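Data block below; observations after.
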Amino acid sequence: MDSAEYERKIAARFATFDQDGSGYIDREDFSTAARAVLAEFGTTARSDKGQAVFNGAEAFWQGMAGIADVDGDQRVSREEFVTGAAKRLRDSPQRFAEIARPFLAAVIAVADEDGAGAATPTAAARVLRVLGTAPELAGPVARALDADGDGLISEDEILAAFAGYCGVEAPDA
């Protein structure tokens, strides 16, 4: 993939993070995502799982802001995301894992309705829908997340898939 194509792909990913459509990614976008996931699974924010989701969202935001918020205004513009976050994350897959893992692990714990330590594709589709994936795509995308075909989506599978979606090579699990 050439540089221009990569930048177009990453620019499209910006919209995934910009939950409120403000044209910027900020702390509230991550809080919005956390609230949406918790509401979908009927998990209260004050529960241990709810707190883990909010803490993971905050860690994700802090990590992204730390690498992309060049002007220090507590929001990441599309340009900052394309030129800063994506490049830095691509250059350091381990850094991507560090900032994304707490949120992704907490979301999986909420979506893990049977205590298996992983989410089913059906539960993952619910997460994808509330985070903005088109309903007709959520199911097929969720099924594709189950890389080993065991009927469950593990933390490592979701991290690898999310890293790929964001244009980052997944670190060794």
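The values are calculated or read from the model by the stated rules, or taken from the named source; none is laboratory data. These figures come from a predicted structure and were not determined experimentally. All Cβ positions, glycine included, derive from the backbone under ideal geometry; neighbour counts span all protein chains shown. For accessibility, only protein heavy atoms count, side chains too; no ligands or nucleic acids. Shrake-Rupley method; radii C 1.70, N 1.55, O 1.52, S 1.80 Å.
For the chain, with only Lys/Arg (+1) and Asp/Glu (-1) charged at the beta-carbon, what is the dipole magnitude about the Cα centre, in debye rounded to 20? Walk me through the numbers before you get to the answer.
Working: 17 positive and 30 negative charges, 54 e Å.
With Lys and Arg at +1 and Asp and Glu at -1, about 260 debye.
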Original post:
For Tyr24, which sequence-distant residues (separation of 5 or more, or a different chain) have an amide H within less than 5 Å of its own amide H, given hydrogens modelled in the peptide plane?
Top reply: none
Subject >> Highest-fluctuation residue, Gly42, Gly117, Gly139 considered, GNM on the chain with Cα pairs under 10 Å >> reply: Gly42
Subject >> Using distinct alpha-carbon pairs, which all enter the 1/r mean, Kirkwood radius of the chain in Å >> reply: 16.2
Original post:
So what is the calculated 222 nm ellipticity per residue for the chain, using -39500 (n - 2.57) for each DSSP H run with n of 4 or more, over all residues, to the nearest 500 deg cm²/dmol?
Top reply: -19500 deg cm²/dmol
Subject >> Selection from Ala106, Ile25, Phe96, by position along the positive dipole direction of the chain (Cβ) >> reply: Ile25
Subject >> Cα centroid separation, the range 92-125 to the range 1-80 (Å) >> reply: 15
**OP:** Using a Gaussian network model of the chain whose springs link C-alpha atoms within less than 10 Å, name the residue from Pro140, Pro102, Pro121 with the highest mean-square fluctuation.
**Re:** Pro140
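Please work out the average accessible area per residue across the chain, using the 1.4 Å probe convention, and give it in Å².
So the chain comes to 50 Å² accessible per residue, rounded to a whole number.
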Original post:
With contacts defined as alpha carbon pairs under 8 Å and 6 or more residues apart, what's the relative contact order of the chain in percent?
Top reply: 23
Original post:
In square angstrom, rounded to the nearest 10, how much accessible surface does Leu137 have for a 1.4 Å probe?
Top reply: 90
Original post:
How far is it, in nm, from the label point at Glu113 to the one at Ala12 when both lie 7 Å from their Cα along the line to the Cβ?
Top reply: 3.1
Original post:
Build a GNM of the chain with springs between Cα atoms under 10 Å: which of Asp71, Asp146, Asp20 gets the top mean-square fluctuation?
Top reply: Asp71
Original post:
P(r) tail for the range 88-158, what percent of Cα pairs lie past 17 Å?
Top reply: 45
